[in-house]
Amino acid sequence: MDQDQLKQAAARAALDELREGMTLGIGTGSTVNHFIDLLGRMQPKLGGVVSSSEASTERLRGIGLEPQTLNESGDLDLYVDGADEATRQGHLIKGGGGALTREKIIAAASRRFVCIVDESKVHGVLGEFPLPVEVIPMARAYVSRELVKFGGRPEWRQGFVTDNGNEILDVHGLDLVNAAEMERRLNQLAGVVTVGLFTRRPADMLLIATPRGVERLEPHKSA
Ligand code: 5RP
């Protein structure tokens, strides 16, 4: 199985988490695109959908679903999204597709967050994937200098503008052994809109696709 087939398998497994009438948050990226396509085939009865990006909104419209805004929907029952990197504790790096801010808001407003990944993205410690940080454009150089003080090597994602009109720094080389503390500290830098670390609001369930099947992991569920 190639990586795209594994992404599709993870997306298919997420369909089992859907219940009739649920309000659903939809993430962004190629794994979520598979999920949207599967929703299109299944046509489940949903209470509403909220999208994390213009790209996902377009794809949802393509299957006949018109997203609501989060202000209209209120809190959501379920959020389904991919990740760039995950630990088995449900901590994530997100934002490779640049949608991290809306993704973080929707994750925060969702009762349950199911993250769909292929096994190549699961690591013991986060940080192999450069950490996306969304910044207000006028703060880009200042935030870059501050990130260097944290031991990072920020790279400006040139030519990319987020759906919120901001810019992205992809930060290489950060020590994320204590990712929760790094998320807390980077969040406090003036000019930072969102840090692509999801430790304060981790995934409740990881669906990890492997060639042997999809592993369902609920790191914070007590037995
Ligand atoms: C977008 C994201 C995506 O979830 C992440 O980039 C994974 O993408 P893909 O499913 O294409 O591998 O965080 O901002």
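The values are calculated or read from the model by the stated rules, or taken from the named source; none is laboratory data. Predicted, not measured: the structure shown is a model, and the values here were computed from it. Heads up, the Cβs are rebuilt from the backbone with ideal geometry, glycines too, and the neighbour counts pull from every protein chain shown. Just so you know, the surface numbers come from the protein's heavy atoms only, side chains and all, with ligands and any DNA or RNA stripped out. Shrake-Rupley method; radii C 1.70, N 1.55, O 1.52, S 1.80 Å.
The table below gives the values:
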quantity: Hey, Leu24 away from the ligand (no atom under 12 Å from the Cβ) and touching a residue at least 12 places away in the same chain (Cβ under 8 Å) or not; calculated: yes
quantity: Any chance Leu60 is touching a Pro at 6+ places or on another chain (Cβ under 6 Å), open to solvent by less than 50 Å² (accessible area, probe 1.4 Å) and within 17 Å of Leu18 (Cα to Cα); calculated: yes
quantity: Lone qualifier among Val125, Val143 - being assigned to a loop (DSSP other than H, G, I, E, B) and more than 14 Å from the ligand (Cβ to nearest atom); calculated: Val125
quantity: Segment 167-188, residues that are open to solvent by 20 Å² or more (accessible area, probe 1.4 Å) and part of a loop (DSSP other than H, G, I, E, B); calculated: Gly173, Asp175, Val177, Asn178, Gln188
quantity: Hey, Val214 in contact with an Asp or Glu (Cβ under 8 Å, 6 or more places away or on another chain) and either part of a loop (DSSP other than H, G, I, E, B) or of a type in the set (A, V, I, L, M) (or both) or not; calculated: no
quantity: Counted residues, segment 86-105 - those being under 27 Å from Gln158 (Cβ atoms), crowded, with 24+ Cβ neighbours inside 10 Å and in contact with a helix residue (DSSP H, G or I) (Cβ under 7 Å, 6 or more places away or on another chain); calculated: 1
quantity: Where Gly159 falls short, out of the listed (1) in a loop (DSSP other than H, G, I, E, B); (2) touching a Leu at 6+ places or on another chain (Cβ under 8 Å); (3) of a type in the set (Gly, Ala, Ser); calculated: (2)
quantity: Residue check for Leu46: assigned to a loop (DSSP other than H, G, I, E, B), at negative phi and touching an Asp or Glu at 6+ places or on another chain (Cβ under 9 Å); calculated: yes
quantity: Qualifying position, being touching a residue at least 12 places away in the same chain (Cβ under 8 Å), surrounded by fewer than 14 Cβ atoms within 10 Å (Cβ to Cβ), within 16 Å of the ligand (Cβ to nearest atom) and under 29 Å from Gln158 (Cα atoms), among Asp81, Asp4; calculated: Asp4
quantity: Matching residues in segment 88-109 - criterion: being closer than 17 Å to Thr31 by Cβ and more than 10 Å from the ligand (Cβ to nearest atom); calculated: Gly90, Ile106, Ala107
quantity: Any hit, segment 112-120, residues being part of a loop (DSSP other than H, G, I, E, B) and exposed (fewer than 14 other Cβ atoms within 10 Å of the Cβ); calculated: no
quantity: Any hit, segment 61-73, residues being of a type in the set (Ser, Thr, Tyr), away from the ligand (no atom under 16 Å from the Cβ), assigned to a strand (DSSP E or B) and not assigned by TED's automatic domain parsing to the domain that holds Asn178; calculated: no
quantity: Single residue of segment 39-55 satisfying the filter (open to solvent by 10 Å² or more (accessible area, probe 1.4 Å) and touching a helix residue (DSSP H, G or I) at 6+ places or on another chain (Cβ under 6 Å)) that is farthest from the ligand (Cβ to nearest atom); calculated: Gly48
